[in-house]
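Everything on this sheet refers to the single structure shown next.
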Amino acid sequence: GESVGLHLPTLSVQEGDNSIINCAYSNSASDYFIWYKQESGKGPQFIIDIRSNMDKRQGQRVTVLLNKTVKHLSLQIAATQPGDSAVYFCAENRPGGGADGLTFGKGTHLIIQP
Amino acid sequence: DTAVSQTPKYLVTQMGNDKSIKCEQNLGHDTMYWYKQDSKKFLKIMFSYNNKELIINETVPNRFSPKSPDKAHLNLHINSLELGDSAVYFCASSQESGRGYTFGSGTRLTVV
């Protein structure tokens, strides 16, 4: 199965609690960042994005924080639900446009305990 | 309508065979991509195409070749398949600025 050899960082939280998933990015020149959610057997789904001229952006139940000084990105999920169980990836886009593609972090497996 | 669709969803084939994976996007995006996701869930870009031009090719073996008949399609051809090619391959598309990055649902390739 898929779990063999899988060594993703795992975050386990109780249903209803808040979750914080962290990510360190590599390129100080990156100007655009995206968080993706990937459920088993599916492709990455867009959650929220943020440009480098911002420190914080909020969506529905999600907040992304960007600290350019230490090249750190975090995703906060409020009041987690069973449907939030998935692997979460941060991705950075290098300047110059989308043609260079996204560079993905290694992913964090979020598990919601009932 | 599915924004980025790729076929087939599953592909099982023998070593040495040649196979193709198709991808279509109906978002009017300028750029399309192919990513490979390994067994540890690591996603790495393979190719991107912008206006029928290959923009990058990240140390991918030349057995892999993208083919774009038009702006809405980017197919992936793989020759002489090897065991190590087994992975999930994702197609994606975006606007030129990088906004609107959307992924397909993936093709699980198993080489036996």
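The values are calculated or read from the model by the stated rules, or taken from the named source; none is laboratory data. Bear in mind that the values here come from a model prediction, so they are computed numbers and not experimental data. FYI the Cβ positions are ideal-geometry reconstructions off the backbone, even for glycines, and counts take in every protein chain you see. What goes into the accessible areas is simple: the full protein's heavy atoms, side chains included, and nothing from ligands, DNA or RNA. Shrake-Rupley method; radii C 1.70, N 1.55, O 1.52, S 1.80 Å.
Within the set A:L73, A:L65, A:L110, the sole residue that is farther than 30 Å from B:L54 by Cα, without any contact (Cβ under 8 Å) to a residue 12 or more places away in the chain and crowded, with 16+ Cβ neighbours inside 10 Å turns out to be A:L65. Is the stretch B:20-29 home to any residue that is within 12 Å of the chain's Cα centre (by Cα), away from chain A (no Cβ under 12 Å) and over 14 Å from B:S93 (Cβ atoms)? Yes, because at least one residue in the stretch B:20-29 is within 12 Å of the chain's Cα centre (by Cα), away from chain A (no Cβ under 12 Å) and over 14 Å from B:S93 (Cβ atoms).
In the stretch B:1-15, the qualifying residues are those that are more than 12 Å from chain A (Cβ to nearest Cβ) and under 12 Å from the mean Cα position of the chain (by Cα), and the one that is least open to solvent (accessible area, probe 1.4 Å) is B:P8. The residues of the stretch B:86-102 that are at pLDDT below 95 and open to solvent by 10 Å² or more (accessible area, probe 1.4 Å), listed by number, are B:Q95, B:E96, B:S97, B:R99, B:G100, B:T102. So, restricting to strands (runs of 3 or more DSSP E) that lie completely within the stretch A:4-114, which ones have at least 3 residues that are within 28 Å of B:Q6 (Cβ to Cβ) and either more than 13 Å from chain B (Cβ to nearest Cβ) or among the aromatic types (F, W, Y) (or both)? The strands (runs of 3 or more DSSP E) meeting that bar are A:32-38.
Charged (D, E, K, R), touching a strand residue (DSSP E or B) at 6+ places or on another chain (Cβ under 8 Å) and surrounded by fewer than 20 Cβ atoms within 10 Å (Cβ to Cβ): is that true of B:D18 in this structure? Here the answer is yes, as B:D18 does meet what is asked. Each residue in the stretch B:33-63 was checked for being within 10 Å of chain A (Cβ to nearest Cβ), part of a strand (DSSP E or B) and surrounded by 15 or more Cβ atoms within 10 Å (Cβ to Cβ), and 14 of them qualify.
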